[in-house]
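Visitor: Can you read through this structure? Questions will come right after.
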Amino acid sequence: MDEREADGASIWDAAHRRTTTGLLTLVTLVAFEAMAVGTAMPRAVAELDAVAWYAWPFSAFLVASVVGMVLGGEVGDRRPPGPGVLAGVAVFAAGLVVAGLAPHMAVLVLGRAVQGLGAGVVIVLLYVVAGRAYSSRLRPRLFGAFAAGWVLPALVGPLAAGLVTTHLGWRWVFLGLVPLVAAGLALLLTAGPGGAPGAEAAPRGRGRVAWAVLAGAGIAALQYAAQRLDLAAVAIAVAGAAGLAVALRRLLPRGTVRARAGIPAVVASRGLLAGAFFGMDALLPFVLTEQHGWSAATAGLPLTAGAVGWVVAAQLQGRRPDVPRQGVLRLGFLVLAVGLAATATTAVPALGGWPAYLTWAVAGVGMGLGMPSVGVLLLDQSPEAERGANSAALQISDVTGSAICVGLAGVLVAGAADGGGPLWPAVLTAVAALTVPALLGVGVAGRTVAPSRGAPVGSVARD
């Protein structure tokens, strides 16, 4: 789309309305499925008599989604995004049907893997569509809407899935989404977003799918190792970390670990944001229940406060497209660090955990400022022929950062809980460890714009 768009343009005007609605529908449904499956899974494994398989549906989805991200990136850089989105959604919907009709746990695991493959393709290609169908001035507001599409399912997804599971059965958590997915796809395709890929098509990477499988398996191994506290867990964690490190060298832009200026720093920022926030987001309910005796329902309410802060801040940043995104990202990291550090108050027994409502809302505000800014910075600096690969790298960085930090926080706190000692020292250690990525991000944010646009900066490493 022409960057010299009229000032009156909006993501909801006649030229963008159907595309925006289709994008948000698909984002929300993929996010809802990710949030809802955890609620339905206990009933599913009980009915299928497969408690020992409990972790496999989650791991299968994760590994397959990383593969899907790589495939989506390659498709997005070589072809118009429409057919790729159609294929990704069709695969995701097929996975819903397979999981919903599964007669055995192995079939349910297969269905979850198919869902993950489709979801990975779709999420990456939606970024490609966003880059082609919206001008730079509209992207902050679009990514603000994306944030609502991701976060709102966190508020209603578990409750809705619980009601569906209770009254209709766990299978309808999967099957009930199929017609809604079809409706979102119809809106997106009839709007005709995007055109042909750029003339300078990126060279095809050889073996990138194999590296994606290795990365997904490494992440799954780290998550599994974090759930057990024995000698075998150490070996599993080491093997998983080694495989992940090798794979990421092939899947992320060169210089990502060093946060080289431009796209590498943008991709690194996404991992730092996701790791810092979701590490504590996963830990907070456990701390509130174990340290302060809150009920499971009550312990989830601070997460709601964080989600509300995220959505509100995302909408506010979208209203100021004229503000440089690297400045908004730096502010987001700073606010996130403040919210994380203040959440250390949950370790104080005398406070009863109540400050978590405020502190986690502050952390959510940081994410609402940071996450949309990362998406805008990525699309603004990516050559059109590399938007797919760079968008895939962004998503892989998110998944990797989250998995590593969730696992680290879980090991720190679970070790203290199993040891029978006081929990608060481990909580303080975990909070301190998770605040470090946010503080690092304050510095990395200043490197997210390359000093020169003369050459593609940070294109994804290829064989």
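Visitor: Given the structure, is V63 modelled with pLDDT of 85 or more, more than 12 Å from L117 (Cα to Cα) and in a helix (DSSP H, G or I)?
Guide: Considered against the rule, which asks whether it is modelled with pLDDT of 85 or more, more than 12 Å from L117 (Cα to Cα) and in a helix (DSSP H, G or I), V63 comes out as no.
Visitor: Give me the residue from segment 171-192 that is of a type in the set (V, I, T) and closer than 13 Å to G100 by Cβ and, out of that set, most open to solvent (accessible area, probe 1.4 Å).
Guide: Here the answer is V178.
Visitor: Please go through segment 328-355 and give me each residue that is modelled with pLDDT of 95 or more, open to solvent by 20 Å² or more (accessible area, probe 1.4 Å) and not hydrophobic (A, V, I, L, M, F, W, C), ordered by number.
Guide: Passing the criteria: only R330.
Visitor: Here's something else I'd like to know. Suppose we filter segment 170-192 for residues that are among the small types (G, A, S) and free of Cβ contacts under 8 Å to residues at least 24 places away in the same chain; how many remain?
Guide: 1
Visitor: Moving to a separate point now. So is V413 out of contact with any Ser or Thr (no Cβ under 8 Å at 6 or more places or on another chain), surrounded by fewer than 24 Cβ atoms within 10 Å (Cβ to Cβ) and in a helix (DSSP H, G or I) or not?
Guide: In short, yes.
Visitor: Something else now. Applying the selection to segment 1-49, what residues are modelled with pLDDT under 85, open to solvent by less than 60 Å² (accessible area, probe 1.4 Å) and not in a helix (DSSP H, G or I)?
Guide: Residues satisfying the conditions are E5, A9.
Visitor: Also, I was wondering about something else. What helices (runs of 4 or more DSSP H) completely inside segment 301-393 contain at least 2 residues that are over 15 Å from L273 (Cα atoms) and hydroxyl-bearing (S, T, Y)?
Guide: Answer list for segment 301-393: 356-381.
Visitor: Can you tell me which residue is nearest to A225 (Cα to Cα) among those in segment 245-255 that are assigned to a helix (DSSP H, G or I) and open to solvent by 10 Å² or more (accessible area, probe 1.4 Å)?
Guide: It comes out as A245.
Visitor: Given the condition touching a residue at least 60 places away in the same chain (Cβ under 8 Å) and under 19 Å from M35 (Cβ atoms), answer yes or no: does some residue in segment 73-88 qualify?
Guide: no
Visitor: Return yes when P153 is part of a helix (DSSP H, G or I) and either β-branched (V, I, T) or surrounded by fewer than 22 Cβ atoms within 10 Å (Cβ to Cβ) (or both) and no when it is not.
Guide: no
Visitor: Further question: Being outside any helix (DSSP H, G or I) and in contact with a Gly (Cβ under 7 Å, 6 or more places away or on another chain) is the filter; apply it to segment 66-88 and report the residue that is surrounded by the most Cβ atoms within 10 Å (Cβ to Cβ).
Guide: The extreme case among them is D77.
Visitor: Another one. Restricting attention to segment 288-300, which residues are more than 24 Å from D398 (Cα to Cα) and either open to solvent by less than 30 Å² (accessible area, probe 1.4 Å) or touching a helix residue (DSSP H, G or I) at 6+ places or on another chain (Cβ under 8 Å) (or both)?
Guide: Listed by number, the residues that qualify are L288, T289, E290, Q291, H292, W294, S295, A296, T298, A299.
Visitor: In this structure, is V431 at pLDDT below 80 and either over 19 Å from the mean Cα position of the chain (by Cα) or of a type in the set (D, E, K, R) (or both)?
Guide: Against the criterion (at pLDDT below 80 and either over 19 Å from the mean Cα position of the chain (by Cα) or of a type in the set (D, E, K, R) (or both)), V431 does not qualify.
The values are calculated or read from the model by the stated rules, or taken from the named source; none is laboratory data. Quick caveat: nothing in here was measured; it's all calculated off a predicted structure. Every residue, glycine among them, receives a Cβ derived from its backbone with ideal geometry; neighbour counts consider all protein chains shown. In case anyone asks, the SASA skips ligands and DNA or RNA and just uses the protein heavy atoms, side chains included. Shrake-Rupley method; radii C 1.70, N 1.55, O 1.52, S 1.80 Å.
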